[in-house]
Amino acid sequence: MSSVKLRVSALCVHDDHVLFIEHKTFAPGDPRLPESWWILPGGVVEPGETLHEAVRREMLEETGLECRVGGMVFVKELLYPYPGHERAGERHQSVSIGFHCEVTGGKLITGRDPELPLDEQMIIRAEWLPLDRLNEYELYPPVLRELVRDHGPEGFRRVAPRFYDSLL
């Protein structure tokens, strides 16, 4: 099994839209999963980097946007294959910490993962998705619909972080 990765995510809500990245699946060839997911901007924390530094770096790399990092809103674990499978976590295991963020500058672009060659890029596009149409997209984790709906843009400043396990 590979090591557990620590990841960060940026949850940005602005003018009734949420910032998402359409990302190729982490499990190509698995017929139970879609070919792409809409995920929050974010990625792996690099050695010597604080969580907030990682959020700001990942936002800039993936979206071209600068942000102010706010409070933590969720912790999400991911094991693939999923818990209960005899090889749980063999292909992927991570813990992602999500932060509420406010965009402070930049211009929205579809960025890239600098650690991957061009022909292996996972990012398809970056886009502001309308809050009232989130049910039309394959979000990961799916609980993001509920989290955004329950708290809205102003409510994240006072939200207690939630934990989501690999079964969600």
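Rundown of residues vs (1) at pLDDT below 95; (2) more than 20 Å from LEU129 (Cα to Cα); (3) aromatic (Phe, Trp, Tyr); (4) surrounded by 15 or more Cβ atoms within 10 Å (Cβ to Cβ), yes/no style:
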| site | (1), (2), (3), (4) |
| --- | --- |
| VAL73 | yes, no, no, yes |
| LEU79 | yes, yes, no, yes |
| PRO83 | yes, yes, no, no |
| ILE109 | no, no, no, no |
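Can you say whether THR63 is in contact with a strand residue (DSSP E or B) (Cβ under 6 Å, 6 or more places away or on another chain), modelled with pLDDT of 90 or more and hydroxyl-bearing (Ser, Thr, Tyr), as far as the supplied structure shows? Criteria met by THR63.
Which condition breaks for PHE26 when tested against (1) under 25 Å from LEU118 (Cβ atoms); (2) at pLDDT 95 or above? Single failed check for PHE26: (2).
Residue by residue through the range 1-22, note down the ones that are open to solvent by 70 Å² or more (accessible area, probe 1.4 Å), under 16 Å from the mean Cα position of the chain (by Cα) and hydrophobic (A, V, I, L, M, F, W, C). Result: LEU6, single match.
Can you work out which of the residues in the range 130-142 that are open to solvent by less than 60 Å² (accessible area, probe 1.4 Å) and farther than 16 Å from LEU33 by Cα is nearest to the chain's Cα centre (by Cα)? Among those residues, the one meeting the criterion is LEU134. Among residues of the range 51-73 that are on the phi > 0 side of the Ramachandran plot, those with a Cβ under 7 angstrom from a residue that is modelled with pLDDT of 95 or more, sequence gap 6+ or separate chain, pair up as GLY64/GLY106; GLY64/LYS107; GLY64/LEU108; GLY64/ILE109.
The values are calculated or read from the model by the stated rules, or taken from the named source; none is laboratory data. All figures in this text were calculated on a predicted structure; none of them were measured in a lab. Cβ: placed from backbone, ideal geometry, glycine included. Neighbour counts: every protein chain shown. All accessible areas refer to the heavy atoms of the entire protein, side chains included, with ligands and DNA or RNA removed. Shrake-Rupley method; radii C 1.70, N 1.55, O 1.52, S 1.80 Å.
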